[in-house]
Amino acid sequence: MRTGATSVSDAGQTLGERVRTARREAGLSQAQLAGEELTKGFISQIESGLVRPSIRSLQYIASKLGRSLDYFIADEPLAATKRVTFHRLAAEAAGERSDWPTAEAESIAGLAVATESTERAGFLRMLASAALNQGRREEAFDRVTEGLALIDVAKEPLDVARLLYVRGLAYGDAGQLVASTEAFETVRDIIERYEILDPRLRARVAVALGTTYRRLGRTTKAIASYEVALATASRANELKLAAQGFMGIAVSHYDAGDLDAAISTYERALELFERIADTSFELHVRQSLASIHFQQGHVAQARELADRTIARATEVGDEHGGAIAQVVRARVLLSDGDVAGAKRMAKQAERALGALGDQIQRAHALRVVAVACETRGETADADRAFKQAIDLFSAIDDRADLSIAASEYSKILRARGSIDEAFAMLELAQTRR
């Protein structure tokens, strides 16, 4: 399917004729193109030249047909303000569906025609998000800095807050949790000081703060922040953000050792994720439930949940979700006495998670590898895996998980008779709480 600009064979066609040509090439009927957003009659009128769609409607049509807006109107005398608008809408729509290459392309095109500082800052924010989500963190920082230099918080508080939110995400991606927390707290303060009403931004910032607080071991503040996110998202009917709020509360209960509360809250999150068909988060919640059931001694339930999650991840092609579930399944294999199988599965998951850049889950996989090695009498390998896991948790300042790993290693060292080393690990665990 073509996505580029108008070809020679399309030259001279009206907008309506281009819609008809692109629709037929895509093999869609007028009703299929209309979907739930538009009507068949409206599409017919566009193709006949009887009506001209709004930029938003044309963006919807372009997205359905896999074309850029430029394909339909590139050679028309369009005012610069309208060009800025359609590039902004196209970039935002692409960002919502996580199509970051398209979001980046539309933002670059918009930046080329935008003259107002606020408009340019908005495109720079989208470019920062696109860079961050494509693994170019330093570029994301540069784009945010460039955008902030264009606007004043007293005049454009919402735009400044959105840019700082991306900066907070970038710091979090770099494992700089203190800097990330400070950025998110600044956004929260701007939102309150200037009475910004955007419920989605409010909820997203609260979720982000909850996550950084939790990773810094501030469980009480994490739960409070997640509860703010949940309340805000629920009032605005933002189901995904509400589900993320539930999930954050569940993780915080888990960190505090309240497993029953964690399970109950995870199940509420799962219900919402299933309603909005968010497979990625659904898988994450399922494997978390499997992990908690395992810790409670419900091995059969943990095994069933882990197996279903692995199968579902394979079905939808989610390597990340499948690898995380494999870590839980490896723990079940250990409890069943299949030490070799547990080690093999955990090492496989560890390699996959390392390649995917998920250092937290990779460290959890290494913990399973370490226990399996210890059980097999491979103490040197066990030490190596434990220390690698602890180094990973330390590098990203994940204090809650570091405490768990250090406590686990301390018990093994004590069982070996290595009292001094065990005490050092116990001190590490306690100082990180």
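Largest GNM mean-square fluctuation among ARG399, ARG136, ARG362, using the chain with Cα springs under 10 Å: ARG136. For segment 122-171, with all protein chains in place and a probe radius of 1.4 Å, 47% of the accessible heavy-atom surface sits on carbon or sulfur. Selection among GLY27, ILE151, GLN430 by position relative to the dipole of the chain gives GLY27 as farthest towards the positive end (Cβ unit charges, Cα centre). For segment 12-72, chymotrypsin sites (Phe, Trp or Tyr not before Pro) meeting the loop criterion (DSSP other than H, G, I, E, B) and having at most 11 other Cβ atoms within 10 Å: none. Length gained on full extension, THR118 to ASP307, computed as 0.36 nm times the residue gap minus the Cα-Cα distance: 63.1 nm.
Taking θ as phi - 60° and the Karplus parameters 6.51, -1.76 and 1.60, the scalar couplings of segment 107-122 work out to 5, 4, 5, x, 5, 5, 10, 6, 10, 5, 4, 5, 5, 5, 4, x Hz in sequence order, x denoting glycine and proline. Of the GluC sites (Glu not before Pro) found in segment 231-336, not one falls in a DSSP loop while having at most 11 other beta-carbon atoms within 10 Å. Of the GluC sites (Glu not before Pro) found in segment 123-199, those that fall in a DSSP loop while having at most 11 other beta-carbon atoms within 10 Å are GLU195. Residues whose amide H lies under 5 Å from that of LEU38, counting only those 5 or more places away or on a different chain, are absent; hydrogens are built 1.01 Å from N in the peptide plane. Can you give me the relative contact order of the chain as a percent, contacts being Cα pairs under 8 Å and 6 or more apart? 7 percent. Only DSSP H runs of four or more residues enter the estimate; each adds -39500 (n - 2.57), and after division by the residues of the chain the mean residue ellipticity at 222 nm equals -25500 deg cm²/dmol. Counting lysine pairs in the chain that sit 8 or more residues apart in sequence, or on different chains, and whose Cα atoms lie under 20 Å apart gives 5.
Per atom type, segment 181-250 shows carbon and sulfur on 49% of its accessible surface, probed at 1.4 Å.
Size descriptors for the chain: radius of gyration and Dmax over Cα atoms are 25.3, 85 Å.
Calculated FRET efficiency, SER57 to ARG351, Cβ-Cβ distance, R0 = 41 Å: about 0.30 to the nearest 0.05.
Can you give me the accessible area per residue for the chain, using a 1.4 Å probe, in Å²? Could the numbers behind the result be given before it?
Numbers: 20090 Å² over 433 residues.
Solvent-accessible surface per residue comes out at 46 Å².
For segment 174-271, averaging the sequence separation of C-alpha pairs within contact (under 8 Å, six or more residues apart) and dividing by the residue count gives a relative contact order of 22 percent.
Is segment 328-433 rounded, prolate or oblate when judged by the Cα gyration tensor, a ≥ b ≥ c being the square roots of its eigenvalues, rounded requiring a/c under 1.5 and prolate requiring a/b larger than b/c?
Oblate, since a/c reaches 1.5 and b/c is not below a/b.
The values are calculated or read from the model by the stated rules, or taken from the named source; none is laboratory data. Please read these numbers as outputs of a predicted model, since none were measured by experiment. With ideal geometry, Cβ positions are generated from the backbone for all residues, glycine too; neighbour counts draw on all protein chains shown. Only protein heavy atoms, including side chains, enter the accessible area calculation; ligands, DNA and RNA are left aside. Shrake-Rupley method; radii C 1.70, N 1.55, O 1.52, S 1.80 Å.
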